[in-house]
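As structure tokens, the structure follows; a few thoughts come after it.
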Amino acid sequence: AQKITQTQPGMFVQEKEAVTLDCTYDTSDPSYGLFWYKQPSSGEMIFLIYQGSYDQQNATEGRYSLNFQKARKSANLVISASQLGDSAMYFCAMRGYGNQFYFGTGTSLTVIP
Amino acid sequence: DAGVIQSPRHEVTEMGQEVTLRCKPISGHNSLFWYRQTMMRGLELLIYFNNNVPIDDSGMPEDRFSAKMPNASFSTLKIQPSEPRDSAVYFCASSLGNTNTGELFFGEGSRLTVL
């Protein structure tokens with residue numbers, strides 16, 4: 001069974017500072033994908049960033065980067081230069097060989113002005 | 001291009017009534033997923049389809065829930081009879097391909113309230 005763990009129910013960060021949201025996963029699939037989504041208070045799910053299990057380099061998308069440590073089975077999201085609009089729920093997700101797409105319980109991020 | 005379209009956006013019904021949620025995936029996408037989101041349980045995968053075929057329905061809570069995908073452009077999630085504990089936001093999502101590289105595109109969700 002695949003499992004995604006996000007241990008931080010809530011996080012606070014000062015505007016313009018960087019923040020790391022933790023995610024660990026457990027899978028026996030040799031190939032898998034890791035994703036992060038943002039869910040603002042309006043409720044929509046917004047795709048942020050993707051990391052493949054065989055990718056050698058950490059993924060980056062603008063202010064988002066994924067700190068992928070395969071041996072530790074962690075895929076932490078780093079948001080640089082936080083903005084007030086970054087306040088939202090953030091979900092880590094994994095897609096495995098069987099095409100299932102599982103999500104963690106989420107981390108609520110609040111950016112403080 | 002239109003995104004994933006779900007209807008209704010909001011549904012309020014009474015316990016025991018039948019509820020049907022509808023989803024139109026993005027054209028060309030061949031994987032479709034139904035999720036339920038609640039404060040208590042987070043995002044739960046209910047069922048997903050590849051090429052209109054249900055692949056894994058192990059997340060469907062019980063026999064009161066059923067899902068169909070009669071063609072590549074339409075899927076339904078039905079609850080019959082509905083119960084107050086079914087109150088949640090139900091998301092439909094689609095993706096291109098059935099590998100682990102494609103991200104999910106979500107609809108705006110259907111908020112269900114069962115009184």
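Results, tabulated for the structure shown:
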read-out: Sorted largest first, extent of the protein assembly as shown alpha carbons per principal axis (Å); value: 49, 40, 34
read-out: Interface size B-A, as summed buried accessible area [1.4 Å probe, Å², nearest 100]; value: 1600 Å²
read-out: Between the stretch A:49-113 and the stretch B:75-114, the alpha-carbon center distance in angstrom; value: 22 Å
read-out: Rule-of-thumb Rg ratio for the stretch A:1-60 [Cα; 2.2 N^0.38 Å; N residues]; value: 1.32
read-out: Residues losing 40 Å² or more accessible surface upon assembly, the stretch B:44-77, compared with the chain by itself, 1.4 Å; value: B:Leu45, B:Tyr48
read-out: Only Lys, Arg (+1) and Asp, Glu (-1) charged, at Cβ; chain B dipole about Cα centre in debye; value: 160 debye
read-out: FRET E, pair A:Gln69, B:Val53, Förster distance 45 Å, beta-carbon r, rounded to 0.05; value: 0.80
read-out: Computed over the stretch B:63-115, Kirkwood Rh from alpha-carbon pairs, angstrom; value: 12.9 Å
read-out: Computed E for B:Arg64/B:Arg9 - FRET, C-beta separation, R0 22 angstrom, nearest 0.05; value: 0.50
read-out: Surface accessible to a 1.4 Å probe, per residue, for the residues of the stretch B:22-115, Å²; value: 46 Å²
read-out: Along chain B, longest interval not containing exposed trypsin sites (Lys or Arg not before Pro), exposed being DSSP loop plus at most 12 other Cβ atoms within 10 Å; value: B:42-115
read-out: At R0 = 25 Å, FRET efficiency that the Cβ-Cβ distance of A:Asp26 and A:Ser108 yields, to 0.05; value: 0.65
read-out: Relative contact order (%) - criterion: Cα under 8 Å, at least six apart; region: the stretch A:1-90; value: 33 percent
read-out: Surface per residue (accessible, 1.4 Å probe) for the stretch A:1-73, Å²; value: 57 Å²
read-out: Total charge dipole magnitude, the protein assembly as shown, about the Cα centre, Cβ charges on Lys, Arg, Asp, Glu only, Debye to nearest 20; value: 140 debye
read-out: Cα gyration tensor of chain B - equivalent ellipsoid semi-axes, whole Å, descending; value: 23, 14, 13
read-out: Whole-percent carbon and sulfur share, accessible surface of chain A, 1.4 Å; value: 50 percent
read-out: With every protein chain in place, chain B: carbon and sulfur % of accessible area (1.4 Å); value: 50 percent
read-out: Length-normalised contact order of the stretch B:44-115 in % [C-alpha pairs under 8 Å, at least 6 apart]; value: 22 percent
read-out: Contour excess over end-to-end distance, with Cα ends at B:Met39 and B:Thr101 and 0.36 nm allotted per residue; value: 19.5 nm
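The values are calculated or read from the model by the stated rules, or taken from the named source; none is laboratory data. Predicted model, so just to flag it, every value in this text is computed and none were measured. Quick reminder, even Gly has a Cβ in these numbers, built from the backbone with ideal geometry, and neighbours come from all protein chains shown. Each accessible area value is taken on the protein alone, full model and side chains, heavy atoms only, with ligands, DNA and RNA left out. Shrake-Rupley method; radii C 1.70, N 1.55, O 1.52, S 1.80 Å.
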